[in-house]
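My structure is below; once you've seen it, I'll send some questions.
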Amino acid sequence: MTGRKRPHLVVLADAAALAHAAAKRISARLSQARARFAVCLTGGSTPERLYELLASEVYRNALPWDRIHWFWGDDRFVPPDDPRSNFGSARRRLLDRVLVSSDNIHAIPTSAEDVEKAACLYEAELRRFYGADRLATGHPLFDIVLMGVGADGHTASLFPGRAELEDKERWVVGVHEAGLEPFVPRVTLTFPTLASTREMLFLVDGVTKRSVLSCLLAGADLPAARVYSEGDLVWLVDREAAPEHHDGA
Ligand code: 6PG
């Protein structure tokens, strides 16, 4: 894993411990004295437990919900009530269970006519929220960006070998063909946009992720290894996913 900032790897006992560790980090970050926060959520099944945890009593009472704005690092180009929708998953598990104003929810507009149009609309939305057309170092767009990794080393909807990996100008791009299931078109933030954060948190669990994690740690040039962060870059990994010599927190 090469990046502008060395990633910090934390190994947790299991998926439940991983969700708790992530929730604690998020809660600590969102306890700082700031007028508003921006959290960028990830898709897939790994964060489901975390989202439910954040909606549970302890976090429901602790987080400054009215000051948190929710974004997505990528989504599948399906309606929100489709089980494959990343937005839908976070809404069901988290946002529908707490008091959040709809003004604070910034979903990728999958009702746009195509992924290109959706990417343009979301880029405009992010720029509006940020207040400028260019991302400046020292002024991150997000407070926290959550990320996952696929067995092929993709992250967000940035798949190995694709042109989107090289995009340094656009904030958001359309992905016509996914590299892995579900094979639906996607919309994804690009590396520079994801990097504009105070903290990036990867969540990786399960034995099916062990081999890709070994490759990443050995320096394979995969999208999840190309990711960088202006702020902290932390990989929370459970013991099943962790390669053997990384057994311990
Ligand atoms: C998506 C993602 C993707 C995901 C990984 C891991 O929309 O598919 O955001 O990058 O994080 O594929 O997914 P799992 O948690 O399901 O393994």
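With charges only on Cβ, +1 for K and R and -1 for D and E, what is the dipole size of the chain about its Cα centre, in debye, rounded to 20?
Taking the Cα centre of the chain as origin, the dipole is about 760 debye.
Can you give the extra length, in nm with one decimal, that the chain gains between residue 62 and residue 211 once fully stretched, where that is 0.36 nm per residue apart less the Cα-Cα distance?
Here the segment from residue 62 to residue 211 would lengthen by 49.9 nm.
Now for a different question. Tally the DSSP beta bridges in region 24-206 and give the antiparallel ones as a percent, rounded to 5.
So the antiparallel bridges in region 24-206 amount to around 40 percent.
Considering the chain as a Gaussian network with a 10 Å cut-off on Cα pairs, which listed residue, 118, 35, 90, attains the greatest mean-square fluctuation?
With Cα springs under 10 Å in the chain, the top fluctuation among 118, 35, 90 is at 35.
Give the distance, in whole Å, between the Cα centre of region 193-240 and the Cα centre of region 49-77.
Here the two parts' Cα centres lie 21 Å apart.
Place a point 7 Å from the Cα of residue 163 along the Cα-to-Cβ direction; which residues of region 107-140 have their backbone N under 20 Å from it?
Within reach of a label on residue 163, which here means backbone N under 20 Å from a point 7 Å along Cα→Cβ, region 107-140 contributes 113-123.
May I pose another question? Roughly speaking, what is the stretch gain from residue 170 to residue 134, that is 0.36 nm per residue apart minus the C-alpha to C-alpha distance, in nm to one decimal?
12.0 nm
Step through the residues of region 24-31 one at a time and calculate ³J(HN,Hα) from phi using the Karplus curve (6.51 cos²θ - 1.76 cosθ + 1.60, θ = phi - 60°), rounding each to whole Hz and writing x for Gly and Pro.
5, 5, 4, 5, 5, 5, 8, 9
Tell me what the chain gives for mean residue ellipticity at 222 nm when only DSSP H runs of n ≥ 4 count, each as -39,500 (n - 2.57), the sum divided by the residue total, rounded to 500 deg cm²/dmol.
Helix-only estimate at 222 nm: -7500 deg cm²/dmol.
OK, next. Assuming a ≥ b ≥ c are the square roots of the Cα gyration tensor eigenvalues, decide whether the chain counts as rounded (a/c under 1.5), prolate (otherwise, with a/b larger than b/c) or oblate.
Details: a/c = 1.34, a/b = 1.09, b/c = 1.23.
Because its axes are fairly even, with a/c under 1.5, the chain counts as rounded.
Could you give the length gained on full extension between residue 84 and residue 35, defined as 0.36 nm per residue of separation minus the Cα-Cα distance, in nm?
14.3 nm
Rounded, prolate or oblate: which fits region 113-169 when a ≥ b ≥ c are the square roots of the eigenvalues of the alpha-carbon gyration tensor, with rounded for a/c under 1.5 and prolate only if a/b beats b/c?
Oblate shape, in that a/c is at least 1.5 and b/c is the bigger or equal ratio.
Any idea how far the Cα center of region 27-43 sits from the one of region 116-183, in Å?
Centre-to-centre distance over Cα atoms comes out at 19 Å.
Of 135, 225, 145, which is farthest towards the positive pole of region 123-245's charge dipole, taken about the Cα centre with +1 and -1 on the beta-carbons of Lys, Arg and Asp, Glu respectively?
My answer, from the dipole projection, is 135.
For region 161-249, what number results from the quotient of the Cα radius of gyration and 2.2 N^0.38 Å? Before the final figure, lay out the partial values.
Values: Rg = 14.4 Å, N = 89, 2.2 N^0.38 = 12.1 Å.
Normalised Cα radius of gyration, region 161-249: 1.19.
Can you list the residues, at least 5 places off or on another chain, whose amide H is less than 5 Å from the amide H of residue 190, using H built in the peptide plane?
Answer set, sorted by chain and number: 172, 173.
List the residues, sorted by chain then number, that are 5 or more residues from residue 147 or on another chain and whose placed amide H is less than 5 Å from its amide H.
Amide H to amide H, under 5 Å and 5 or more residues apart or across chains, residue 147 pairs with 201, 202, 203.
What is the set of long-range amide H partners of residue 184 at a cut-off below 5 Å, with H atoms built 1.01 Å from backbone N?
Here 178 satisfy the definition.
Measuring from label point to label point, each 7 Å out along Cα→Cβ, what is the residue 17 to residue 151 span in nm?
2.5 nm
So how far apart, in nm, are the two label points at residue 27 and residue 103 if each is 7 Å from Cα heading toward Cβ?
2.8 nm
Only the coordinates and a few stated rules stand behind these numbers; no lab work does. These figures come from a predicted structure and were not determined experimentally. Positions of Cβ are backbone-derived with ideal geometry, glycine not excepted, and every protein chain shown enters the neighbour counts.
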